[in-house]
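Right, one structure below, let's go through it.
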Amino acid sequence: MGKIRIKAVGDIDAEKKQQEEARKRAELKRAEKTTAPEIPNESPIESKSSETIKTKPKSKYAAKNTKAKRSIKYQEKVSVVDKSKFYLLADALTLLPKLKLTQMDESVELHINTTEKGISGSVVLPHGNGKKIRIAILNQSEDPKTVENLIKKVESGIIDFDVLLATPDSMPKLAKIARFLGPKGLMPNPKNGTVTPKPEDAAKRYEGGQVNYKTEAKFPVIHLMVGKLSFGNAKLEANIKTIIESVQIKNIKDVTLKSTMSPGIKLSTNNLI
């Protein structure tokens, strides 16, 4: 007589349940195969790369290269000037307009390297420097309110003048703002005529072309505006020679002439006076 297998009811139910789940999974897989999308010829990676290349914005480096191209004109101007040569003043003034980079009437600048620091003075340019001078006048005995108002403005960071003229009795009041005016070369000083009992007369001299000059605090160099390109060679030459004569050749190491945007031209000191 054969053996009889006995299964628990719970086991039979569990087995049927597993079989049913297996059947459903098989049907699901068959359905996915029949509805699967066609694979494109181009891989997703290649497509993404292609899109990236098309939409990639210009880099900052590309922008810098664009700016560099704009300076080609300046490079062309620089190549006109012989950096190893010291030009005679007349030749330099003839060359200077050819180096112009802008449409505006550029200022003409003189940069003087001196033999030492502390060289200063004032000089009246025969043709002025083309700059409108803003002059402030202080007279403590006649108008004390003007002195106080100017002190308040300077302390608040407002300096709206190029030259400050003061009477001797105004100077003690100005001691409060010396730390602001001194570094900018605006502190009135008897040596350059900005401390005077008659500031109105001094103002007329400045309006007539007087300029002050002084070496920088830390370096033996003087920077001066000597006119505009529109002045022409004769007027510019007269202004430059007047400045050189005032500073004195013995105090000068070398001189460079340039306009606002142009490269510098080294000057020979042989015929500057």
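What FRET efficiency, computed as 1/(1 + (r/R0)^6) with R0 = 35 Å and r the Cβ-Cβ distance, is obtained for N271 and A178, rounded to the nearest 0.05?
0.30
To the nearest 0.05, how large is the calculated FRET efficiency for K204 and K85 if R₀ is 30 Å and r is the Cβ-Cβ distance?
So the FRET efficiency works out to roughly 0.10.
What list of ³J(HN,Hα) values in whole Hz, one per residue of segment 115-131 in order, does the Karplus curve 6.51 cos²θ - 1.76 cosθ + 1.60 (θ = phi - 60°) give from phi, with Gly and Pro shown as x?
6, 7, 7, x, 8, 8, x, 9, 8, 9, 6, x, 10, x, 10, x, 9
For the residue pair R25 and I158, what label-to-label distance in nm results when each label sits 7 Å from Cα along the Cα-to-beta-carbon direction?
Going from the R25 label point to the I158 one covers 8.6 nm.
Need one number: the % of Cα-Cα pairs in segment 182-273 sitting beyond the 22 Å mark.
Taking all Cα-Cα pairs of segment 182-273, the fraction more than 22 Å apart is 38 percent.
For segment 159-184 and segment 197-247, what is the centre-to-centre distance using only Cα atoms, to the nearest Å?
Measuring centre to centre over Cα atoms gives 21 Å.
Just to confirm the filter: which trypsin sites (Lys or Arg not before Pro) across segment 113-210 are DSSP coil and have at most 15 other Cβ within 10 angstrom of their Cβ?
K117, K131, K132, R134
Need one word for segment 98-159: rounded, prolate or oblate. Basis is the Cα gyration tensor (sqrt eigenvalues a ≥ b ≥ c); a/c below 1.5 gives rounded, then a/b vs b/c decides.
Verdict is prolate for segment 98-159.
Find how much the distance from T115 to D169 grows on full extension, using 0.36 nm per residue of separation minus their present alpha carbon separation; answer in nm with one decimal.
Computed gain between T115 and D169 is 15.9 nm.
Collect residues whose amide H, placed 1.01 Å from N in the peptide plane, falls under 5 Å from the amide H of L138; neighbours closer than 5 in sequence don't count.
Counting only residues 5 or more places away or on other chains, the set is L165, A166, T167.
Could you go through segment 192-204 in sequence order and give the Karplus-derived ³J(HN,Hα) for each residue, using 6.51 cos²θ - 1.76 cosθ + 1.60 with θ = phi - 60°, rounded to whole Hz, and x for Gly and Pro?
Rounded to whole hertz, the list is 9, x, 8, 10, 7, x, 10, x, 5, 5, 5, 4, 5.
Provide the convex hull volume over Cα atoms per residue for segment 134-208, in Å³.
With only Cα atoms used, segment 134-208 gives 80 Å³ per residue.
For N149 and R134, calculate 0.36 nm times their separation in residues minus their Cα-Cα distance, and state this gained length in nm to one decimal.
3.7 nm
Do any of K85/K132; K131/K152; K184/K241 go past 31 Å between their Cα atoms, and which?
Violating the 31 Å Cα-Cα cut-off are K85/K132.
Counting every Cα pair in segment 178-218, what percent are over 11 Å apart?
Here the long-distance tail beyond 11 Å is 70 percent of all Cα pairs in segment 178-218.
All of the numbers you see were taken from the coordinates with simple rules; none came from a lab. All figures in this text were calculated on a predicted structure; none of them were measured in a lab. So basically every Cβ, Gly included, is an ideal-geometry build from the backbone, and we count neighbours across all protein chains shown.
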